[in-house]
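The values are calculated or read from the model by the stated rules, or taken from the named source; none is laboratory data. Keep in mind the model is a prediction, meaning the values are calculated, not measured. Heads up, the Cβs are rebuilt from the backbone with ideal geometry, glycines too, and the neighbour counts pull from every protein chain shown. In case anyone asks, the SASA skips ligands and DNA or RNA and just uses the protein heavy atoms, side chains included. Shrake-Rupley method; radii C 1.70, N 1.55, O 1.52, S 1.80 Å.
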Amino acid sequence: MPRLRRLILVSFLAASVVGTAFAAAPAAPDPTYAAIRGAKLDGRSLPVHNLVLERDAFRFQLDSGAFYFLTPVEGRTFGAVFLGQGSYRLTPATRSERQHLALVSGGGEDFETLADSFESLVLLFGDDTAAELQLHAPVETGKLDPQAVQALAKALEWQRKDFKTNFHLRVLRDLVNTPHLTSGAFLALVKGQKVPPALAAVDPDGAEAMGFGGLGGEDTLFLVADPARGGFWYVCDRQGEVTRGKALPAKRLTDALDYHVETEIARDTDVKGTATVRFKVLVPGLRFVPLFLLPELRISEASYALETAGAEPVWKPLPFIQEAEKEDADAAVVFPEPLAKGATALLRISYAGDEVLEDGGDKNYYVAARASWYPNLGISSDMAQFELVYRVPAGNEVISVGRKLDERTEGETVITTWKTDAPAQVAGFNYGRFKKLEQVDATSGLTIQVFTNPGTPDVIRELKGFFRTEGALDDDGVGYVDTGGDGPLGTVNTARLAEAAMADALNSARLFATWFGPLPQKHVAVTQQSDASFGQSWPTLIFMPYISFLDGTQRQRLGMGPETKDFVDNVGYHEFAHQWWGHLVGAATYRDQWLEEGFSEFSAALAVQHTQGWPAYEKFWRDARRQILDKYPGNDRPHWQAGPITLGFRLDTQRTPTAGQPIIYSKGGYVLHMLRLLMREPAAPDPDARFIALMKDYATTYAGKLATTADFQKVVERHMVPALNATGDAKMDWFFQEWVYGTELPRYAADLEVEKADGDQWRIFGQVKQEGVGQEFRAVVPLQVEFGKNEIATIGLIPLVGEASRPVDVKVKLPKKPKKALVNAHGEVLARD
Ligand SMILES: [Zn+2]
């Protein structure tokens, strides 16, 4: 479930959703926004000669030319256009960001700085840029260069058509929320000689404040708009924050308390709704609040009310902003009066749009991954309670996040009401025609429901179409041959398939509750969806791809190869695990996404171990290791060299298009697997007791919250064991720096001999080498003896630092003569071949 990619990079991907225009009432404009959006050059200018503007990692060198100012709004100059000869430099503050910038910009091994020259530059700012420019030269009036007018129009066109992000909202936020401060954001739009149109920005409220959900509190970013090379080339804390090792989180304006979302689906994929959000004001004098909402959903009306104890809310009209659907459509509202910090307010938005839901075929419709199908103050960043009311055509069933409170039919419409039992990050649903199977499980305390489609033939038709046209999962070249009639699939017994899905869900529920602790909710619904290629998890609700309901023979007949089998076997466990990793404990930003995806992969491996045995668990990690090490077609390097786990969705670049999933999911899971092994006590009654205590502690500590990678590290440090204490200071920095924040992978070579010693003792001696890593790289490598096939015992751990060769000479008691001695036999340490 790569959620951030969908949220953020959607602008740079080919438009996949075809919407139709919805005739909404014209927006009631906020006058400040209208003035910013429509601002023109006002004739003020100043000459420039050798001016340098420094903004954190950016340095703008303006050799000669002039600045032209935009008309002030609310008495403040917030924008200017530069024409002339200039250049910029971006010097990354961290090694990891330097490596990423080198990768995306095509820099070599010795890359230090990205540099480019330009002939125009457009600035938008809520900081003191205007004052800084006026110190450089006196302002002249009455000069208007038509080229400056053109440059401004061009920048607005990039904003609307290429970035599809409304940067004017960021200026508005500073101007109305902190009208007396000049400590706001700095945004520069520039197209250089080499680099496509780019946004260079420093935002004291964090990059997320510029409208990029999930980016978190890092202040400095460089975003390039280009269909092939585009993306977040640089996202980082400020240099000072990096040096101090302390950074501020994103500044939050609001805290959503609860959502009441009324949704009407008159037909298929069209949505009409009214959402009421109750929220707490977190900053003084709040007027501007950004909303997340799919651009296809057009706002028709907005209103607000302040909550006062014992009084009915008094609703007042609220100006809202939402530009054209296929342009910079980020939504926002502007309160006509400043709201006091600590106040509780209600916000009500009405909206509608066509073709908003995904059509899964077979008359089943669902919400795409984490889509903002209702206006919200931040998905995956702010947990809240939900009450959800759905009106759908009679004959359909809605399955939603939450617990069903009520169901009734009015004429041709069926109305259901749902409520969450615990705070949730996001709400979702699907609807269609379903058959239900239900089972109460005492071990996990959960009621599991499995919903399958009764209309099997339709689904098979869909599948046939899928594999004929896309063949996405047909990786062994065996094409599907349509034999007519029921085809090679034969008759699909949906009842039996539902039982298989139920068994997977029950296994997951019991196992994960034992390892990670109980869930706050009382039920989980698993629903089939016709989309063949992916699963999705919502709080209390899991969408499963239809192919996971097919048996092995049927999948084989559809031409699906072994990779499909692994996907199908594990997708149910992975999605179920998201009830813990993603919904019980969320990840704070895109850099922490592995805390959801890697943890769910690890959980799937646990389920594989418990249902198929330890060799299957080891195979799971051998496959994961291959994905991490391999170089796939279209990539110019193996996945592990694309960047660290904490680069999140940014791992997918033009030069490393498939790196994200192997690193976030597989390497993220592998990190947890390595921790488990280091903490394991094979001789103890429960060998994993220490690791289980760690995971339960993490789940309990961060239940209903969002965790960072640093948070998880702290929990690990609370469960320190000798094998983890490699640096002797009870810290896990060494481990996280290497595996989570770093990209190095070691290589091991052993030259060991075994000889008989006294009694039943055996002497193992020789050399163990660690190679291909820097001088600081530490690992604790298992020393093993092999007695026969699948008969390997670990007899000790060898600590290694840097490129090192270490002599081994030990005597151990063994039950019989070993065939040989070796190290890292099962990839206990993630290593290269
Ligand atoms: Zn996932």
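Some observations on this one:
- Cα-based helix-to-principal-axis angle, 95-105 vs the chain, degrees rounded to 10: 70 degrees
- About its Cα centre, the dipole of the chain is roughly 1020 debye, where the only charges are +1 on Lys and Arg Cβ and -1 on Asp and Glu Cβ.
- On the basis of the beta-carbon distance and an R0 of 51 Å, Lys326 and Thr141 show a calculated FRET efficiency of 0.85.
- Taking trypsin sites (Lys or Arg not before Pro) across the stretch 736-833, the ones in a DSSP loop with at most 11 further Cβ atoms lying within 10 angstrom of their Cβ are Lys789, Lys816.
- For the pair Lys404 and Asn725, the difference between a 0.36 nm per residue extended length and the Cα-Cα distance amounts to 110.7 nm.
- Simple spin-label estimate for Ala689 and Ala500 gives 3.9 nm between the two label positions (7 Å along the Cα-to-Cβ direction from each Cα).
- The calculated P(r) of the chain, using every Cα pair and 20 Å bins from 0, goes 14, 44, 33, 9, 1, 0 in percent.
- The simple spin-label model puts a point 7 Å past each Cα toward its Cβ; for Asp697 and Lys619 those points are separated by 3.5 nm.
- Hypothetical label at His826: residues of the stretch 666-683 whose amide nitrogen lies under 14 Å (7 Å Cα-Cβ projection): 673-683
- Whole-number percent relative contact order across the chain, with pairs defined as alpha carbons under 8 Å at least 6 apart: 8 percent
- Restricting the stretch 265-310 to trypsin sites (Lys or Arg not before Pro) that sit in a DSSP loop and have at most 16 other Cβ atoms within 10 Å of their own Cβ leaves Arg267.
- For the stretch 57-105 versus the stretch 416-449, the gap between their alpha-carbon centres in whole angstrom: 50 Å
- With at most 14 other Cβ atoms within 10 Å, longest stretch of the chain clear of loop GluC sites (Glu not before Pro) (DSSP): 471-775
- Two-site FRET efficiency, Asp226 against Val52, from Cβ-Cβ distance with R₀ of 25 Å, rounded to 0.05: 0.35
- 222 nm mean residue ellipticity, helices alone, for the chain (DSSP H n ≥ 4; -39,500 (n - 2.57); rounded to 500): -7500 deg cm²/dmol
- Shape of the stretch 214-337, Cα gyration tensor, a/c cut at 1.5: oblate
- Net charge in the neighbourhood of Gly598 (other residues with Cβ under 11 Å of its Cβ; Lys, Arg +1, Asp, Glu -1) is -3.
- Lys, Arg +1 and Asp, Glu -1 on Cβ, resulting dipole of the stretch 658-785 about Cα centre, debye, nearest 20: 440 debye
- Carbon and sulfur %, accessible surface of the chain computed with the full protein complex present, 1.4 Å: 51 percent
- Compared with the dominant principal axis of the Cα atoms in the chain, helix 146-157 is inclined by about 40°.
- Average accessible surface for the chain: 40 Å² per residue, computed with a 1.4 Å probe over protein heavy atoms with every protein chain in place.
- Think of the chain as having a plus end and a minus end, set by charges on the Cβ of Lys, Arg, Asp and Glu; of Ala275, Thr243, Gly774, Gly774 sits farthest toward the positive end of this dipole.
- Legend: residue pairs Lys154/Lys326; Lys667/Lys696; Lys280/Lys705; Lys161/Lys194; Lys246/Lys667, Cα-Cα distance threshold 24 Å; pairs beyond threshold, Lys246/Lys667.
- Most positive-pole-ward Cα, Ser64, Gly43, Gly86, against dipole of the stretch 21-118 from beta carbon charges: Gly43
- Using the Cβ-Cβ distance between Gln239 and Trp315 with R0 = 51 Å, the FRET efficiency computed as 1/(1 + (r/R0)^6) comes to roughly 0.60.
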